[in-house]
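Read the structure below first, then the notes.
The values are calculated or read from the model by the stated rules, or taken from the named source; none is laboratory data. No experiment lies behind these values; they were computed from the predicted model shown. Using ideal geometry, Cβ is built from the backbone for each residue, glycine included, and neighbour counts are taken over all protein chains shown.
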Amino acid sequence: MRSVLFVGGLSFAIAVAYVVLAGLGPGGYVAAGPFANLHGGLPSGLPAYLRQVQGTRGGGSGEGTFEWNAETPDAPNTVLRFYEQNIDQKIWAITGSGETTMSFYYRSSPGIRGGVHTLENGRTTFISLWMTDLKLPAGYPLNFPGAERVRPIGVPTNEAGVYVARWELSGIGDPSRFVTDFAQTLKDAEWDVTALTATSREPSLQCRSRSSPLITCSLRTQYEIVKPSTGGVVYDAVGRYVATVRVGRDADR
Amino acid sequence: MTQLGNARHLIGLSVVLAVYWVPVVMGVGWGMWSGGDPISIATAVSDSVAQEWITLPTRTVPLAALIIGATILALVHLRRSAPRSRAEVIADKLTVALALPYLAISLYLVAVLTWFYIACKLAPCNFLF
């Protein structure tokens with residue numbers, strides 16, 4: 001019996017030590033607030049859109065992200081009006097809602113930004129309800145929306161009143177489409193897009209807050225090589241698309 | 001208290017058994033991450049065990065040397081004719097029995113990687129992986 005306990009205890013201890021040292025666990029990020037205890041459901045305060053094309057519901061959550069998708073015969077406008085009326089605004093603060101998107105943040109932790117993205121597709125509308133912990137610091141403009149499927153790289157810095165955040169776009173694929181979609185999200189969230197370049201090698205945009213015109217933004221995407229090729233027979237360089245987002249006074253200069 | 005000097009067979013068995021704990025411990029960790037309640041933990045452990053077993057050797061490369069060492073030691077002791085306690089023999093047999101599936105999966109992955117390397121050597125593979 002003692003031997004069994006010895007083997008069981010030692011083997012488990014080795015496994016725990018190994019998982020911790022090898023970084024195979026969550027790495028200190030333990031779910032709280034809107035990401036916890038979902039069990040395939042939606043975060044509290046965010047309702048499902050009920051009038052769906054049968055069998056279209058789905059979703060998933062990852063480290064600091066959540067996304068839920070559905071398809072409905074209703075128009076985007078109808079979907080967004082539904083969410084304006086039914087999101088629990090004690091939990092979520094809506095910062096903008098327009099033609100095709102809606103933006104909100106989690107009141108308990110404003111670094112968590114979310115939204116509803118709609119895409120009209122002939123007779124149906126695709127709905128994406130998402131939220132992401134962008135790890136934004138206190139003071140970051142509350143009305144500046146987040147973007148679907150981006151992942152924060154590090155914590156935004158504050159350079160003379162301008163917040164500089166970096167977002168990984170690996171979950172999106174095409175940076176041109178990302179910039180075009182984000183321009184629409186900004187417009188819907190009461191920001192004027194003052195410049196938009198979606199066709200160049202490094203798509204970018206600039207914007208200005210309608211409520212505080214001194215607050216501007218710039219977003220520039222570029223491809224970064226994270227790990228250069230080792231020169232072997234297999235081209236093994238690793239890269240990613242990254243968006244650098246600057247928000248603050250004269251951030252577009 | 002088990003004397004360390006007399007526990008070679010138990011330590012060897014523990015090392016081999018530890019590798020099978022890894023997906024379970026990972027699942028518990030991710031279950032804690034996704035809520036920490038029994039349902040989240042059970043789901044995460046179940047998913048982790050289901051998803052990790054085929055890639056287990058790639059996740060546990062640093063442990064492979066210890067497992068191979070423990071298996072060789074167990075085999076050496078099993079082949080000795082000197083009288084040994086029943087517990088020691090059982091532990092060594094279990095060590096070998098538990099190490100075999102792990103080593104078989106490792107060999108399979110090594111074979112696939114070798115084939116991939118040779119194929120790419122013959123016709124360069126210009127893609128990310």
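Part of a loop (DSSP other than H, G, I, E, B) and not hydrophobic (A, V, I, L, M, F, W, C): does that describe A:ARG201? Talk me through it step by step, then tell me what you get.
Details: part of a loop (DSSP other than H, G, I, E, B): yes; not hydrophobic (A, V, I, L, M, F, W, C): yes.
Here the answer is yes, as A:ARG201 does meet what is asked.
Output yes when any residue across the range B:11-19 is away from every other protein chain (no Cβ under 13 Å), part of a helix (DSSP H, G or I) and of a type in the set (A, V, I, L, M), and no when none is.
Within the range B:11-19, not a single residue is away from every other protein chain (no Cβ under 13 Å), part of a helix (DSSP H, G or I) and of a type in the set (A, V, I, L, M).
Suppose we filter the range A:192-211 for residues that are within 25 Å of A:ILE94 (Cβ to Cβ) and without any contact (Cβ under 8 Å) to a residue 60 or more places away in the chain; how many remain?
Going through the range A:192-211, the residues within 25 Å of A:ILE94 (Cβ to Cβ) turn out to be A:192-194, A:196, A:205-211.
From what's left, without any contact (Cβ under 8 Å) to a residue 60 or more places away in the chain: A:192-194, A:196, A:205-208, A:210.
Adding up the residues that qualify gives 9.
Per-residue answers, yes or no, for (1) surrounded by fewer than 16 Cβ atoms within 10 Å (Cβ to Cβ); (2) more than 7 Å from chain A (Cβ to nearest Cβ); (3) of a type in the set (D, E, K, R):
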{"residue": "B:GLY29", "(1), (2), (3)": "no, no, no"}
{"residue": "B:SER40", "(1), (2), (3)": "no, no, no"}
{"residue": "B:THR43", "(1), (2), (3)": "no, yes, no"}
{"residue": "B:SER46", "(1), (2), (3)": "yes, yes, no"}
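All but one of (1) modelled with pLDDT of 90 or more; (2) not in a loop (DSSP other than H, G, I, E, B) hold for A:PRO110; state the number of the condition that does not hold.
(2)
How many residues are assigned to a helix (DSSP H, G or I) and over 16 Å from A:PHE144 (Cβ atoms) if we restrict to the range A:179-198?
Initially, the range A:179-198 is screened for residues assigned to a helix (DSSP H, G or I), giving A:179-188.
Narrowing the set further to residues that are over 16 Å from A:PHE144 (Cβ atoms) leaves A:180.
Looking only at that region, the number is 1.
Select from the range A:123-140 the residues that are more than 11 Å from the chain's Cα centre (by Cα), over 18 Å from A:ASN69 (Cβ atoms) and buried (at least 19 other Cβ atoms within 10 Å of the Cβ) and list them in ascending order. Can you show your working first?
The initial filter retains those residues of the range A:123-140 that are more than 11 Å from the chain's Cα centre (by Cα), namely A:123-128, A:136-140.
Okay, now just the ones that are also over 18 Å from A:ASN69 (Cβ atoms), so A:136-140.
Matches in the range A:123-140: A:LEU136, A:TYR140.
Hey, among B:ARG84, B:ARG79, which residue is modelled with pLDDT under 85 and either under 23 Å from B:ILE11 (Cβ atoms) or in contact with a Leu (Cβ under 8 Å, 6 or more places away or on another chain) (or both)? First the steps, then the outcome.
Values: B:ARG79 fails: modelled with pLDDT under 85.
That would be B:ARG84, the only listed residue that is modelled with pLDDT under 85 and either under 23 Å from B:ILE11 (Cβ atoms) or in contact with a Leu (Cβ under 8 Å, 6 or more places away or on another chain) (or both).
Limited to the range A:225-238, what total is found for residues that are out of contact with any Ser or Thr (no Cβ under 6 Å at 6 or more places or on another chain) and surrounded by 14 or more Cβ atoms within 10 Å (Cβ to Cβ)?
Just the residues of the range A:225-238 that are out of contact with any Ser or Thr (no Cβ under 6 Å at 6 or more places or on another chain), to begin with: A:225-234, A:238.
This time we only want the ones that are surrounded by 14 or more Cβ atoms within 10 Å (Cβ to Cβ), so: A:233-234.
Qualifying residue count, the range A:225-238: 2.
If you scan the range B:100-129, which residues turn out to be aliphatic (A, V, I, L, M) and within 13 Å of chain A (Cβ to nearest Cβ)?
Step one: of the range B:100-129, the residues aliphatic (A, V, I, L, M) are B:100, B:103-105, B:107, B:109-113, B:118-119, B:122-123, B:128.
Of everything in the range B:100-129, those that are aliphatic (A, V, I, L, M) and within 13 Å of chain A (Cβ to nearest Cβ) turn out to be B:LEU113, B:ILE118, B:ALA119, B:LEU122, B:ALA123, B:LEU128.
Could you grab me the full set of residues in the range B:36-56 that are in a loop (DSSP other than H, G, I, E, B) and either of a type outside the set (A, V, I, L, M) or at positive phi (or both)?
The initial filter retains those residues of the range B:36-56 that are in a loop (DSSP other than H, G, I, E, B), namely B:36-37, B:53-55.
Once the filter is applied, which keeps residues that are in a loop (DSSP other than H, G, I, E, B) and either of a type outside the set (A, V, I, L, M) or at positive phi (or both), the range B:36-56 yields B:GLY36, B:ASP37, B:TRP53, B:THR55.
Go through A:GLU120, A:GLU168, A:GLU148, A:GLU84 for me and flag whichever is crowded, with 16+ Cβ neighbours inside 10 Å, over 20 Å from A:VAL193 (Cα atoms) and of a type in the set (Asp, Glu).
Working: A:GLU120 fails: crowded, with 16+ Cβ neighbours inside 10 Å; A:GLU148 fails: over 20 Å from A:VAL193 (Cα atoms); A:GLU84 fails: crowded, with 16+ Cβ neighbours inside 10 Å.
Every option except A:GLU168 fails the conditions.
Given the criterion touching a Gly at 6+ places or on another chain (Cβ under 9 Å), in contact (Cβ under 8 Å) with a residue 40 or more places away in the chain and assigned to a helix (DSSP H, G or I), identify the matching residue among B:LEU94, B:LEU63, B:LEU73, B:LEU98. Reasoning before the result, please.
Working: B:LEU94 fails: touching a Gly at 6+ places or on another chain (Cβ under 9 Å); B:LEU63 fails: touching a Gly at 6+ places or on another chain (Cβ under 9 Å); B:LEU98 fails: touching a Gly at 6+ places or on another chain (Cβ under 9 Å).
On inspection, the qualifying residue turns out to be B:LEU73.
Does the range A:108-134 hold any residues that are without any contact (Cβ under 8 Å) to a residue 60 or more places away in the chain and not acidic (Asp, Glu), and which are they? Show your work before the answer.
The first filter runs over the range A:108-134 and keeps only residues without any contact (Cβ under 8 Å) to a residue 60 or more places away in the chain, leaving A:110-111, A:113, A:116, A:118-123, A:125-126, A:134.
A:PRO110, A:GLY111, A:ARG113, A:VAL116, A:THR118, A:LEU119, A:ASN121, A:GLY122, A:ARG123, A:THR125, A:PHE126, A:LEU134, listed by residue number.
What are the residues in the range A:226-251 that are facing chain B (nearest Cβ under 8 Å) and not in a strand (DSSP E or B), if any?
Result: A:VAL233, A:TYR235, A:ASP236, A:ALA237.
Residues to consider are A:TYR18, A:TYR29, A:TYR49; find the one that is modelled with pLDDT under 95, over 28 Å from B:VAL45 (Cα atoms), touching a helix residue (DSSP H, G or I) at 6+ places or on another chain (Cβ under 9 Å) and aromatic (Phe, Trp, Tyr). First the steps, then the outcome.
On the way: A:TYR18 fails: over 28 Å from B:VAL45 (Cα atoms); A:TYR29 fails: over 28 Å from B:VAL45 (Cα atoms).
From the options A:TYR18, A:TYR29, A:TYR49, the qualifying one is A:TYR49.
Give the residue, chosen from B:ALA74, B:ALA97, B:ALA91, B:ALA82, that is crowded, with 18+ Cβ neighbours inside 10 Å, away from chain A (no Cβ under 11 Å) and not aromatic (Phe, Trp, Tyr).
Residue meeting the stated conditions: B:ALA74.
All but one of (1) surrounded by fewer than 17 Cβ atoms within 10 Å (Cβ to Cβ); (2) more than 19 Å from B:PRO62 (Cβ to Cβ); (3) under 16 Å from the mean Cα position of the chain (by Cα) hold for B:LYS121; state the number of the condition that does not hold.
(3)
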